[in-house]
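Participant: Here's a structure for you.
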Amino acid sequence: MSTRTSAPAPAAATDERSSLLRLYLSRGVLALAWALAFAGAHEDIDPVALTLLVAYPLIDAVSSLIDHRATPNGSERRVLAFNGALSTLAALAIGIAGAGGVSPVLHAFGAWAIVSGAAQVFVGLRRRGPELGKQWPTLISGTLSFLVGITYNIQAAGENPSLDVLSVYATGGGVWFILQALLLAWKSRRLRGARTM
């Protein structure tokens, strides 16, 4: 059952699917590239590692801005704007936290993952209508982000916290974004086939 109050027109829905497909695919590839780069650069929080740490939420902020501009007015669009602002603040917080070491960085990243994951779930629920698919990859990714963010804060408060987990986080996020893009591509192909019959 769709959570939208009305279904978008076919042409508008097709444009939205195409826009989201490109965005999700780009976001997924960037996340995987970031995970690979960070896996080899995080032994110490040096300038390279800190730059990568700050860049990750900024990628999310830019993605949210692009998505916001392509989304009709409504609560979904407001949440995207909120998430873009949140990710920008998270980048700033992580940059500041870097001076304090691994624990503060993990706390800041974890707090961002919690709120950003909740926002992702909200947007995924709003997009569960027939034109944009069931959004399961987005919903699963957002839920995992929320839960993982909690564990990061627990780890940050414990002994010997490590930033190794962030590469795993980005890899998982990248895979889910790519799966969502593939699901949208399949949905588009299926709808085109139905209209030509």
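The values are calculated or read from the model by the stated rules, or taken from the named source; none is laboratory data. Remember, it's a predicted structure, so these values are computed and weren't measured experimentally. No Cβ is skipped: glycine too gets one built from the backbone with ideal geometry, and neighbour counts run over all protein chains shown.
Participant: Keeping to region 163-191, report how many residues are touching a His at 6+ places or on another chain (Cβ under 9 Å) and of a type in the set (Ser, Thr, Tyr).
Facilitator: Residues flagged as touching a His at 6+ places or on another chain (Cβ under 9 Å) and of a type in the set (Ser, Thr, Tyr) within region 163-191 amount to 1.
Okay, residues lined up against (1) touching a Pro at 6+ places or on another chain (Cβ under 6 Å); (2) surrounded by fewer than 20 Cβ atoms within 10 Å (Cβ to Cβ); (3) of a type in the set (Val, Ile, Thr); (4) at pLDDT below 85:
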| site | (1), (2), (3), (4) |
| --- | --- |
| Ser116 | no, no, no, no |
| Gln120 | no, no, no, no |
| Gly124 | no, no, no, yes |
| Arg127 | no, no, no, yes |
| Pro130 | no, yes, no, yes |
| Gly158 | no, yes, no, no |
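Participant: Still on this structure: Are there any pairs with C-beta distances below 8 angstrom linking a residue in region 34-54 that is surrounded by fewer than 17 Cβ atoms within 10 Å (Cβ to Cβ) to a residue that is part of a loop (DSSP other than H, G, I, E, B) and not β-branched (Val, Ile, Thr), with the two at least 6 apart or on different chains, and if so which?
Facilitator: Val48/Ala41
Participant: Sort out which residues of region 94-112 are more than 18 Å from the chain's Cα centre (by Cα), surrounded by 16 or more Cβ atoms within 10 Å (Cβ to Cβ) and of a type in the set (A, V, I, L, M), and write them in order of number.
Facilitator: Hits for region 94-112 are Ala97, Val102, Val105.
Participant: Filter region 67-79 down to residues that are crowded, with 17+ Cβ neighbours inside 10 Å and either in contact with a Gly (Cβ under 6 Å, 6 or more places away or on another chain) or assigned to a helix (DSSP H, G or I) (or both), then give me how many there are.
Facilitator: Final tally of qualifying residues: 5.
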